[in-house]
Amino acid sequence: MSEPLTNTRALQIAKRPPRTRLDVWPRRTPRRWMMRGIFALPYVIFALVVSALGATESPNATLVARATRIDWDRADAQWLGDIFPPISTLLAGFVPGGALSLSIIGALSAGVFLQKLIEIMVQRRFARSTIVILMMALALNPLFFYNATQNYSAFLGLLLFGLGLSHIVRFVTWGNTESGFRVGLYFMVAVLTDVTALVYVTAAALSAPFLRHRREGAKGARRANALVILYPAASALVSLAVLNSLFLGRPFAGATQSAFTGFGDRLVIVGEFFSTVEGVIVIAPLISAWLIALIVRRPGAIIISTLVFGAFIVGFALGLLPSGSTGNIFMSLTLLAIALIPTARTRNGTVMISSVGVFQLLIGWATALTSTAFALWASQMFVG
């Protein structure tokens, strides 16, 4: 007769495997979607309140009005130029509900993006305090609410740009090949969503050689990386430009038709803008990005952030960037600073990064409170 099994050893509970820098966060899919919904909720409420208050003039409303003027029964070269950028124009033309629907879609996109942004920071082992401060600086800013719910095309372009930046670091610095293809696709979709993305996507791709490379010393590695990043977006744009040239006699049409028109006059406007309080405050996010670069000892990031900032100025001078885009500059440079913070940091470095995050939070509110375009939009609701 066998003895009963009386194993008195303590039960060993399997430990969760250590998190890697590519693991999703939270690990469970239901929790990820719940977090996305929680993040999206304030922006959905904001969109509904703004609509109820009767704010009718917004970039979303302008996009919907442009989409309604397009003859969707055509499929010629002129039509291809008219719908550029195609992704946002197609959404505005076929999603029912007009500008309010775009606002809700933007709010839901914000929830997904903020969850992905925290995931990136968790993967790089940011301190919790740093994550909270940086998230507050970006997500609790009036300009983020405005762009998410009132300027869908620019907002989606910036989201794709931010995600692409994180994959640039993975591709160039970590040597992750999959991330190289992802960043190329992110940037391609960005330029097909918002014409403004042309400038900062190009700047980001050209700045890739200034990052610290995993294959340091390999001949042609820097040029190859830049080509992988830029090729999908460049090929899509070149194809469209060739079609326009063949059938319309000009490379630019639709939203890009004003490029290079009035370049000198816009440069004068840029000079006058930087002599105002709003213009001076716009430079502050660039200084924050420089400080982050110095703290994490990545001097190449100074060149990258300067190129991206300069791209916005050139984009306005070329007519690709509308007036009142100070919020776009703030968001892009904040995302750039987050993307360039490395995994390995000292305690003092973490404290200094958090301090810069607090500074960035103040800059964001100062940018919103001095933004002429934001004030004009808000006056629809609060001024009779």
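Side notes on the structure shown:
- Loop-located trypsin sites (Lys or Arg not before Pro) in region 124-183 (DSSP state not H, G, I, E or B) with no more than 15 neighbouring Cβ atoms inside 10 Å: 125.
- In terms of surrounding Cβ atoms within a 10 Å radius of their Cβ, 48, 158 rank from fewest to most as 48, 158.
- The convex hull of the Cα atoms of region 18-175, projected and averaged over all directions, covers 11.7 nm².
- q = 0.11, 0.18 Å⁻¹, region 313-384: log10 I(q)/I(0) [Debye, one scatterer per Cα]: -0.42, -0.84
- The fewest-to-most ranking of 166, 58 by surrounding Cβ atoms within 10 Å reads 58, 166.
- From phi via Karplus (6.51, -1.76, 1.60), per-residue ³J(HN,Hα) for region 295-307 in Hz, x at Gly/Pro: 5, 8, 6, 10, x, x, 5, 5, 5, 4, 5, 5, 5
- When you filter the trypsin sites (Lys or Arg not before Pro) in region 265-355 for DSSP loop state and at most 16 other Cβ atoms inside 10 Å of their Cβ, you are left with 297.
- Simple label model, 7 Å out from Cα along Cβ direction - residue 65 to residue 268, nm: 2.7 nm
- Footprinting exposure proxy ranking of 265, 82, fewest other C-beta atoms within 10 angstrom first, gives 265, 82.
- Proportion of all alpha-carbon pairs of region 29-382 beyond 34 Å (%): 23 percent
Computed from the coordinates by the stated procedures, all read-outs in this text should not be read as laboratory data. Quantities reported herein were computed from a predicted structural model and do not represent experimental measurements. Because the Cβ atoms are built from the backbone with ideal geometry, glycine has one as well, and the counts that use them run over all protein chains shown.
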